[in-house]
Amino acid sequence: MVGVLVLASGEVAAQGPEGGVEDGASTLLVAEEVGAEVAEQAGEEERARLFVSVRDLTREPGWSVRTCWELRSTVADGCVALPGRFVSKRDQGVVLARRSGRYRYHLRLERDDEGRLSAEVVDWDPTRRDDEVLYAAYREPGQGEDLGWVARSFEEGLVQSPAEEVEAGRGPRRYGRAALEVGLALGVGTAWYWLNTDINAADWDYTLATQGERHWGFEGWRWDSNVMYLNSPLHPLAGGAYYTLARANELTVWQSFAAAMLATLIWEAAIEYKEIVSLNDLVLTGVAGVPLGEAYYQLGEFFRRSSPTTLNRALAWVFGAPSQFHDWADGRGPVRAADVDRWGWPRDEWHRLRLRLGAAASTPRARWEGGTPEGARQDVHLEVGSELVGLGGYRSAGETGGWEAGVLASELRGEFAGGASGTHRWGFLGRVELAGWYGQSMSRGVEGGRGVGAFVSTGLAYRHEEHRYDEGLDRFGIMHLPGVRAEHWGERGRLRWRLRYGVTPDFAAIDSRALPEVAPDGDVSGQRGVLAEGYYFGWGISQELGLEVDVARVHLGVDWRSHRVWSTRGADRLQESIEEDWTLRDRVDVGRVELLTSWPVETVRLGALLERRGREGAIDDVVSSLQEWRAMWVFEAVY
């Protein structure tokens with residue numbers, strides 16, 4: 001788009017490279033007086049490839065993503081002030097538009113925090129790695145706020161707002177490449193499956209001739225009896241891989257979910273055609289892949305948008321390898337955030353990255369009675385985690401509120417603890433919030449912030465944990481289905497707090513705590529097949545409650561969570577041979593209190609933590625329970 005950019009006064013603010021207009025080139029006129037000429041000089045095809053964004057730093061940070069079907073007379077009263085429509089992820093809307101390939105030119109209108117106005121036309125040529133600024137026009141404070149936007153002459157649909165682009169997707173998507181990559185992933189799994197028939201043949205119940213029997217009336221759709229590590233964590237990780245490959249090819253959340261679920265169905269119905277169609281695999285692969293894959297993808301995008309330091313480039317490859325490879329193959333680079341902090345991380349997306357190291361001692365007793373109690377042990381602890389919130393203005397100064405949909409927040413966390421006796425604990429969590437209500441009223445000054453906020457949402461999460469008690473290993477994988485998760489936070493000077501509560505329905509694979517007492521010799525003949533592996537499938541409910549209070553540089557944290565599971569009934573792989581179907585139930589309770597201080601370095605915390613872990617299981621009337629207390633010295637880096 002080579003031409004002339006004109007302001008309301010009619011003066012030429014910037015011209016082409018040679019100071020004039022090239023022959024046959026269209027002219028972008030941004031002036032109310034000559035607005036009618038836009039329709040004449042900018043063709044329909046070219047107007048459709050124009051992306052317009054608005055930013056007013058005197059009102060709120062980030063790019064506006066409110067729906068704007070017409071341009072208003074001033075920045076202050078324009079799209080950023082349009083009532084009745086609020087969508088988060090301001091800069092993300094511009095990023096998505098840039099990546100989509102749908103737009104060739106970007107008209108960027110901005111007022112900085114000192115009141116200066118600027119307008120730029122940027123060439124988003126997909127064949128070049130760097131954007132070229134074709135024109136730039138500026139106005140100092142006091143020279144007038146009217147940019148001369150042609151509200152009456154720009155046709156409806158000319159302005160493709162970031163909000164609409166986020167909802168509609170990223171434009172042209174790589175469906176073919178996504179299908180190829182997911183197919184290759186399935187091919188790798190298929191090769192493994194048929195090269196290890198000595199392991200997999202034990203599950204073969206059907207032939208090609210009996211496929212009708214397998215699918216008619218869903219007779220062959222049942223709970224499987226595979227070993228625990230296949231059902232959790234390997235199947236959820238495979239689902240996360242399918243999902244991430246689709247997402248990295250610009251597919252939306254729901255399209256990527258469909259790709260992961262389709263890949264799961266192909267695996268179950270076609271590749272494993274000799275086995276039952278595993279109901280638990282459909283949940284623990286296709287559905288669990290969404291929170292794991294999206295949390296991984298969002299963290300990768302966070303580092304890809306960051307400044308290209310050595311650390312950020314390395315982390316971008318660790319968490320965003322598929323997208324990084326695609327950019328390399330396409331000859332493009334990631335779109336960097338315009339506003340970053342001292343680490344080069346985007347300011348427009350609230351984040352908390354945490355690395356925790358600790359030295360811990362555990363005991364099954366609730367009180368010390370002298371000496372070293374039986375079952376006591378020591379270990380070292382490592383925990384890493386990330387929280388990303390894409391809500392516009394989250395915890396920033398300003399007032400806002402409304403219903404949101406999309407990827408609103410994500411969390412990815414992993415932990416490991418081990419000592420002289422081996423691995424004591426390991427696990428991971430992936431969470432994504434997809435819809436909810438968000439509101440806040442916050443002001444900031446030299447003495448800190450004052451205000452409150454709330455966020456009520458629903459989404460998906462997957463959690464896998466393995467913990468070794470004195471009496472043996474305990475394992476579970478829980479798919480947290482859509483429930484309710486609520487947060488309330490506030491600030492008052494040097495006092496900050498965050499209160500959260502969540503409740504979700506669950507599908508779980510969990511070890512039976514009471515099984516060693518009911519069947520000490522391991523004989524579970526006449527029961528569901530999966531009990532031979534020590535665990536079972538069930539439906540359940542999880543609750544969590546947390547409180548964080550920071551006073552100056554002292555941090556107090558209290559966390560509690562509870563998971564309850566009840567066994568499924570019917571549809572077992574060995575259903576016809578079950579003589580007496582036991583009723584199983586299990587519960588896991590984890591409570592934690594921590595007291596840390598960030599003196600003298602604000603981003604480093606030192607302190608102590610006390611944790612109680614309770615475990616209870618039952619089979620019919622037989623109940624078995626145990627507990628473990630754990631104290632830990634903590635070193636933590638939080639950014």
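Under a Cβ-only charge scheme (Lys and Arg +1, Asp and Glu -1), can you give me the dipole magnitude of region 175-315 about the Cα centre, in debye to the nearest 20?
Numbers: 8 positive and 14 negative charges, 146 e Å.
The dipole of region 175-315 has a size of about 700 debye.
If you take all other residues with their beta carbon under 13 Å from the beta carbon of Leu481, and give Lys and Arg +1 and Asp and Glu -1, the sum is +2.
Exposure check, 1.4 Å probe, all protein chains in place: Arg173 carries approximately 40 Å² of accessible surface. In this simple spin-label model, placing a label point 7 Å from the Cα along the Cα-to-Cβ direction at both Ala631 and Ala552 gives a separation of 2.6 nm. At an R0 of 35 angstrom, the distance between the Cβ atoms of Arg500 and Ala338 translates into a FRET efficiency of 0.65.
Need the full-extension length gain, Trp221 to Asp330, defined as separation in residues times 0.36 nm minus the C-alpha distance. One decimal, nm. Provide the component values of the computation, followed by the final result.
On the way: separation 109, 0.36 × 109 = 39.24 nm, distance 4.20 nm.
Value of the extension gain: 35.0 nm.
Here the accessible area of region 175-315 is 73 percent carbon and sulfur, with a 1.4 angstrom probe and all protein chains present. Solvent-accessible area assigned to carbon and sulfur over region 574-619 amounts to 57 percent, based on a 1.4 Å probe.
Taking only protein heavy atoms into account and a 1.4 Å probe, give the accessible area per residue of region 194-322 in Å².
On the way: 5010 Å² over 129 residues.
Computed with neighbouring chains in place, this is 39 Å² per residue.
Spin-label model, Arg354 to Gln378: label points 7 Å out along the Cα-to-beta-carbon direction sit 2.6 nm apart.
At the residue level, Ile541 shows approximately 70 square angstrom of accessible surface with a 1.4 angstrom probe and all protein chains present.
Please compute the length gained on full extension between Val484 and Ala270, using 0.36 nm multiplied by the number of residues separating them and subtracting their Cα-Cα distance. Show your work: numbers first, answer last.
On the way: separation 214, 0.36 × 214 = 77.04 nm, distance 3.65 nm.
Full extension from Val484 to Ala270 adds 73.4 nm.
If you rank Ile578, Ile510 by how much accessible surface each has, with a 1.4 Å probe, what is the order from largest down? Please list the in-between numbers first.
Numbers: Ile578 30, Ile510 5 Å².
Largest accessible area first, the residues go Ile578, Ile510.
So what's the net charge close to Val604: Lys and Arg +1, Asp and Glu -1, counting the other residues with Cβ under 13 Å from its Cβ? Walk me through the numbers before you get to the answer.
Values: positive: Arg354, Arg356, Arg553, Arg605; negative: Glu602, Glu636.
Around Val604, the charge tally is +2.
Can you tell me what the convex hull of the Cα atoms of region 175-315 projects to on average, as an area in nm²?
Answer in nm², one decimal: 9.8.
Note down the net charge around Thr285, summing +1 for each Lys or Arg and -1 for each Asp or Glu among other residues with Cβ under 13 Å from its Cβ. Summing Lys/Arg as +1 and Asp/Glu as -1 gives -4. Taken per residue, the accessible surface of region 515-586 reaches 49 Å², heavy atoms only and a 1.4 Å probe. The packing ranking of peptides 434-442, 247-255, highest mean first, is 247-255, 434-442, where packing means the average number of other beta carbon atoms within 10 angstrom of each residue.
The values are calculated or read from the model by the stated rules, or taken from the named source; none is laboratory data. The shown structure was predicted, so the numbers you read here are calculated from the model rather than taken from an experiment. With ideal geometry, Cβ positions are generated from the backbone for all residues, glycine too; neighbour counts draw on all protein chains shown. With ligands, DNA and RNA removed, areas are computed over all heavy atoms of the protein, side chains included. Shrake-Rupley method; radii C 1.70, N 1.55, O 1.52, S 1.80 Å.
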